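For reference, the structure is listed below as structure tokens.
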Amino acid sequence: MHRYKTILRTRNKIVIKIGTNLLADKEKGINLERMNEIAKNVASLQRRGKQVVLVSSGAIGAGVAALKMKGSPKTIPEKQATAAIGQPLLMEAYENAFRKQECTIAQILLTKDDFTNRARYLNAKNTFSVLLDKGVVPIINENDTVAVEEIKLGDNDNLSALVANLIEADLLIILSDIDGLFSDDPTKNYNAELIPIVEKITPQLEKLAKSSKTELSTGGMITKIQAAKRCVSAGIAMIIANGKNPKALEEIFSGDFKGTLFLPAEKKLNVRKKWIGFVSHANGYIVVDDGAKNALLKRQKSLLPSGILEVHGEFKAHDTISVRDMEGTEIAKGVTGFSSMDLGKIKGKKTSELEKILNCKSCDEVIHRDNLVLIGEE
Ligand code: GLU
């Protein structure tokens with residue numbers, strides 16, 4: 001446990017995600033008491049020299065309560081309108097709670113494009129950096145009002161992991177209404193046990209993460225595991241803890257808490273690889289044979305055309321694409337040296353044949369090792 005305590009004490013740039021179920025109730029609206037608690041805890045972390053960014057859900061939930069709606073909004077325009085009503089109410093409540101702690105807050109609403117477009121990504125990064133230097137607490141949500149399906153992330157678990165990567169945080173805390181990751185669904189199986197530490201996210205663990213959606217919230221355990229994957233490979237620790245416990249944050253930093261800690265990978269990816277692997281959007285995918293899969297996973301090789309079986313989607317050279325094995329599991333992401341059209345012609349061919357087929361040859365590798373990030377090892 002000693003190592004984990006050190007991990008937690010030495011974390012200085014922290015993203016805290018607060019789920020809808022902690023903040024908004026369909027009938028009662030925003031839970032002001034909880035918000036005051038959060039503000040108090042965040043202010044105390046700041047006094048200890050930590051920089052904190054909040055990712056807060058609850059806009060749609062607050063909108064539902066304000067409109068006294070019977071059920072949750074179903075259509076996209078309905079959800080967008082509800083979020084437009086709830087977001088200012090949410091921020092008003094945060095403003096009041098943080099004012100009591102003499103903390104200044106800032107609102108940042110993001111969409112997927114702000115992460116996948118490199119220029120916008122860097123702009124957002126600069127804004128965060130100024131806000132954090134000034135001791136402000138940025139409060140993030142997805143820009144639900146404009147985020148239609150194509151540009152929507154859809155859940156704040158993944159959003160918070162992207163924000164953690166963007167600001168180069170060293171810890172993401174997901175506060176939810178459950179204690180952490182369990183060996184089975186705790187609402188159905190009373191023998192389910194809390195998993196305190198996850199050293200590696202295995203396919204078995206992903207299977208555990210059954211969907212546990214509630215009416216107002218968007219994610220379940222599945223999106224939390226996706227968020228953990230985005231974090232740990234980037235060297236960011238992640239914790240899931242129960243935000244209903246008012247002492248949750250305090251206990252995390254004392255190293256003695258109830259919840260699940262996902263340990264960060266020892267070998268950290270560089271900033272460019274982080275972006276390729278966990279931020280940029282894949283414009284298509286290729287399927288590789290077992291030989292190529294082994295070369296990538298076990299022998300640290302680049303990807304050559306000979307191991308490619310199928311090419312899917314339309315993409316240009318230098319786009320990010322995903323690499324899948326024959327079972328359809330994503331094993332890597334990388335920047336392709338060839339367009340989908342050229343790849344279609346050279347798939348399965350030897351490197352020595354490329355020049356003849358394409359009438360010119362730009363590179364030997366489909367994805368060079370330096371541009372490749374492994375997603376899940378065996
Ligand atoms: N952006 C949504 C909201 O504020 C929440 C998404 C989520 O719960 O993951 O209502």
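For Leu166, what is the net charge nearby, where nearby means another residue's Cβ is under 10 Å from its Cβ and Lys, Arg count +1, Asp, Glu -1? Don't skip to the answer; put the middle values down first.
Numbers: positive: Lys125, Lys274; negative: Asp114, Glu168.
Summing Lys/Arg as +1 and Asp/Glu as -1 gives 0.
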Could you list Ile375, Ile105 so that the one with the fewest beta carbons within 10 Å of its beta carbon is first and the one with the most is last?
Ile375, Ile105
For Arg299, Arg99, what ranking results if the residue with the fewest other Cβ atoms within 10 Å of its Cβ goes first?
Arg299, Arg99
Specify which residue in the list Asn294, Ile76, Ser44 is farthest towards the positive end of the charge dipole of the chain, using unit charges on the beta carbon of Lys, Arg (+1) and Asp, Glu (-1), about the Cα centre.
Ser44
Can you say what percent of the DSSP beta bridges in the stretch 193-333, counting only those with both residues inside, are antiparallel? Round to 5.
70
5 angstrom amide H check on Phe315, placed H, neighbours 5+ away:
Ser340, Met341
Suppose we keep just the DSSP beta bridges with both residues in the chain; what percent of those would be antiparallel, to 5?
40
Just name one of Ala237, Leu89, Thr187: the one whose Cα is farthest towards the positive end of the charge dipole of the chain (beta-carbon charges, Lys/Arg +1, Asp/Glu -1).
Ala237
What is the distance in Å between the Cα centres of the stretch 185-203 and the stretch 114-154?
32
Would you mind getting me the FRET efficiency between Gln300 and Thr104? Use the beta-carbon distance for r and R0 = 35 Å, nearest 0.05.
0.15
In nm, the gap between the two label points placed 7 Å beyond Cα toward Cβ at Leu309 and Asp177 is 4.4
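Grab the Cα-Cα distance for Glu78 and Asn242, subtract it from 0.36 nm times how many residues apart they are, and report the gain in nm with one decimal.
Extra length from Glu78 to Asn242 when fully extended: 56.0 nm.
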Less than 16 Å apart at the alpha-carbon level, and either on another chain or at least 8 residues along: which aspartates and glutamates does that give for Lys74?
Asp144, Glu149, Asp155, Glu215
Once you place label points 7 Å from the Cα toward the Cβ at Asn96 and Thr6, how far apart are they in nm?
4.5
Past 31 Å, Cα to Cα, is the threshold; run Lys188/Lys274; Lys100/Lys188; Lys200/Lys345; Lys70/Lys224; Lys229/Lys298 against it and keep the listed order.
Lys188/Lys274; Lys100/Lys188; Lys200/Lys345
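How big is Rg to Rh over the stretch 129-201, alpha-carbon atoms, Rh as the Kirkwood inverse-mean-distance radius?
Over the Cα atoms of the stretch 129-201, Rg/Rh equals 1.07.
Read-outs: derived from the displayed coordinates by stated rules, not from any lab. Treat the numbers as computed from the prediction; the structure is a model and nothing was measured. Because the Cβ atoms are built from the backbone with ideal geometry, glycine has one as well, and the counts that use them run over all protein chains shown.
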